[in-house]
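In what follows, a single structure is set out as structure tokens and then discussed.
Read-outs throughout are calculated quantities, based only on the coordinates presented, and are distinct from any laboratory measurement. Please read all numbers here as calculations on a predicted model, not as lab measurements. Cβ coordinates were reconstructed from backbone atoms using ideal geometry, including for glycine residues, and neighbour counts include every protein chain displayed.
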Amino acid sequence: MALKISKGTWEQLRRHGEETYPDECCGVLVGEADGEGVKSVKGVVRCGNLRSDSPHDRYLIDPRELVRIQREARGRAQDIVGFYHSHPDHPARWSQTDLAEAHWTGCSYVITSVINGKATETTSFNLMANPGEDETKYFEDEEIRVE
Amino acid sequence: MKVSIPTPLRQYTAKQATVEVSANTVGEMLDKLTGRYPELRKQLFAENGKLRRFVNVYVNDEDIRYLENGNTPLKETDTVSIVPSVAGGSVAVNSPLATTLSNDEVLRYSRHLIMPEVGMTGQQKLKAARVLCIGAGGLGSPLALYLAAAGVGTLGLVDFDVVDFTNLQRQIIHTVEDVGRPKLDSAAEKLEAINPFVNVRKFETKLTSANALDLFRDFDIIADGTDNFPTRYLVNDACVLSGKPNVYASIFRFEGQASVFATKDGPCYRCLYPEPPPPGLVPSCAEGGVLGILPGLLGVIQATEVIKLILGSGESLIGRLLLVDALGMRFRELKLRKNRDCPMCGANPTIHELIDYQEFCGIRGEEAPVTASVPEIQPAELKARLDNGDNVFILDVREPHEYQICNLGGYLIPLGDLPARMNELDSSREIVAHCRSGVRSAKAVTLLRQAGFGKVRNLAGGILAWGEKVDPTVPKY
């Protein structure tokens, strides 16, 4: 299980969180999955955070943007491989809310911890589901390979 | 038209990212799609037949919720996209930051909000609260219903049982259509229907020493609605060890008790009952009966105490045992104090982990049923003997009110009266003793044999088994 990303794209992702600080940033990871656990991120698409009522600790991507991004990705023979968001002044680990609101099994959820406006750690988690049990899902730590 | 399938769902559509479907409306399209790929159904739809709340369906660029939902018309040139939501946050839902109320919630809870004792602050505390209800039965039904209505943010339910017909007399969260279904599914559905803002978490498992502490970790308050002593002690101990209050209630026939245990300075269940009663002494609802309204009364008292703890208002039942006598409609109180020598919560506790509660309550797991060591006769054999005209004396050891429900024409001597009335029986005759399920009559046979009755046997399974195997017109009760 690993997520490959170019240095430039990785820095774009992290800088987004710095720009939106103290609010959470969010966006989509577009690329390819090799079917054997390795996903390659070819690009990131910034999204707006619909949770204007609580943007410092909540994010929601407009489904309309997801529809558009998916369509454009498919046009380039790519796909949505995951999402990223930031945790302002909070560790780069998934929270209960992150897990409860995660529904794209097989996709990577990347989190960047932004402390006092500076991006610190970036981690990735693959959303797994127990086969046959729709209620149980969990995040598995995933290696990020910056190339 | 094209239906775009998101990554997580492609495993159910033979890996296809786009599926062609012909339909006139979104509803029809979804029916056809899930007809073609049945495994997709569970991913998209909840058990009540509605789309799961995190599943967004777009026709071109419009959310069907702003069109006509399932009735939204479709043209061949449309593209339908199924898009699970993408959201999250940096803190858990129970943080005070996460409990702002939406306009819908403000309207829903207006009757709370206009009282200064609750107000916005109180309602937000309710939304931030996480309550675990052990049991979705007699006590759990009213408890969970009212907590959901009040706006408790997270409600956990623990129950592994299935709805039985005899539950409907008091377990009002379940209906006729739920008989045979897991109680959790039935309960969760009704709670979500009353208040979709509540996060209902289901735990379809038996609460054990192996899982209790883990389960309790994600909750703030535990409400004990169980029906057996081993679990009561388990819940208490796990609450003390986890530092979470135990809102307790129990019922028996026409009486109930309620209190709040396991707070830092207050007593725990063991302070009141250091030892469980001997097994078999206190009958269950199935054995002793219970007035249907009673768990309703006590369950709402429990819900009240939970809410008071969350709001921090009123006078809690900590240190008070409320005794309810429904027949007399009298409410009494006993003062309870933390037992300084309590092995669980006292000054020098000796219990630091969860134990084997079955053993503690004297129940040896695979204990041989008391009926096995007593000579028995099966219902079919008894019937054959009676049809043959044999001179068999049938002794019924149930209570008079049971005889009125159904009987085999037997001679009635309730078990409690048997020692005093044995002289009414002829020891030279062949006697078959029966009760409802065979447990009491087994005791009767033992008693009679000890008194010298040589030809006495127990009807295996009692009149219930007779009804099942010989005469289906005999009502079960």
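Values for this structure:
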item: Local electrostatic count, A:ASP23, Cβ distance below 14 Å [Lys/Arg +1, Asp/Glu -1]; result: -3
item: Between 0 and 90°, nearest 10: helix B:26-36 axis offset from chain B longest Cα axis; result: 60 degrees
item: Gain in span if fully extended, B:VAL300 to B:ARG337, counting 0.36 nm per residue against the direct Cα distance; result: 10.9 nm
item: Residues with amide H under 5 Å from that of B:ARG253, placed H, sequence gap 5 or more; result: B:LEU291
item: Projected area averaged over orientations for region B:376-469, convex hull of C-alpha atoms, nm²; result: 5.4 nm²
item: DSSP beta bridge pairing in the protein assembly as shown, given as percent antiparallel to the nearest 5; result: 55 percent
item: Between 0 and 90°, nearest 10: helix B:119-128 axis offset from chain B longest Cα axis; result: 70 degrees
item: Over region B:376-469, relative contact order from alpha-carbon pairs under 8 Å, at least 6 apart, %; result: 34 percent
item: Helical mean residue ellipticity (222 nm; -39500 (n - 2.57) per DSSP H run of 4+; nearest 500) of the protein assembly as shown; result: -8000 deg cm²/dmol
item: Estimated dipole of region A:84-137 in Debye, rounded to 20 [Cβ of Lys and Arg +1, of Asp and Glu -1, Cα centre]; result: 260 debye
item: Selected from A:THR120, A:CYS26, A:ILE69, residue furthest toward positive end of dipole (region A:2-146; charges at beta carbon); result: A:ILE69
item: Whichever lysines have a C-alpha closer than 17 Å to that of B:LYS32, once near sequence neighbours (fewer than 8 apart) are set aside; result: B:LYS2, B:LYS42, B:LYS50, B:LYS75
item: Rotationally averaged projected area of chain B (alpha carbon convex hull; nm²); result: 30.5 nm²
item: For A:43-52, mean number of other protein chain Cβ atoms within 10 Å; result: 1
item: Principal-axis tilt of helix B:229-242 within chain B, Cα atoms, nearest 10 degrees; result: 40 degrees
item: Region B:265-325-region A:72-147 distance, computed between alpha-carbon centres (Å); result: 44 Å
item: Inter-chain shielding of A:78-88 (mean C-beta neighbours from other protein chains, 10 Å cut-off); result: 2
item: Positive dipole terminus of region B:129-360, leading residue within B:GLY280, B:SER186, B:ASN348 (C-beta point charges); result: B:ASN348
item: For the protein assembly as shown, average projected area of the Cα convex hull in nm²; result: 35.9 nm²
item: Reach of A:LYS118 by Cα under 18 Å, taken over lysines that are not fewer than 8 positions away in the same chain; result: A:LYS7
item: Residues whose placed amide H lies under 5 Å from that of B:VAL162, excluding near-sequence neighbours; result: B:LYS183
item: Positive minus negative residues near A:SER40 (Lys, Arg vs Asp, Glu; Cβ under 15 Å); result: -1
item: Close Lys-Lys pairs in region B:129-360, where close means Cα under 20 Å and separation is 8 or more or interchain; result: 12
item: Lys, Arg +1 and Asp, Glu -1 on Cβ, resulting dipole of the protein assembly as shown about Cα centre, debye, nearest 20; result: 580 debye
item: Dipole of the protein assembly as shown, positive end: most advanced residue of B:SER209, B:VAL474, B:ASN423 [Cβ charges, Cα centre]; result: B:ASN423
item: Assigned charges on the beta-carbon of Lys, Arg, Asp, Glu; region A:2-146 dipole about Cα centre (debye); result: 660 debye
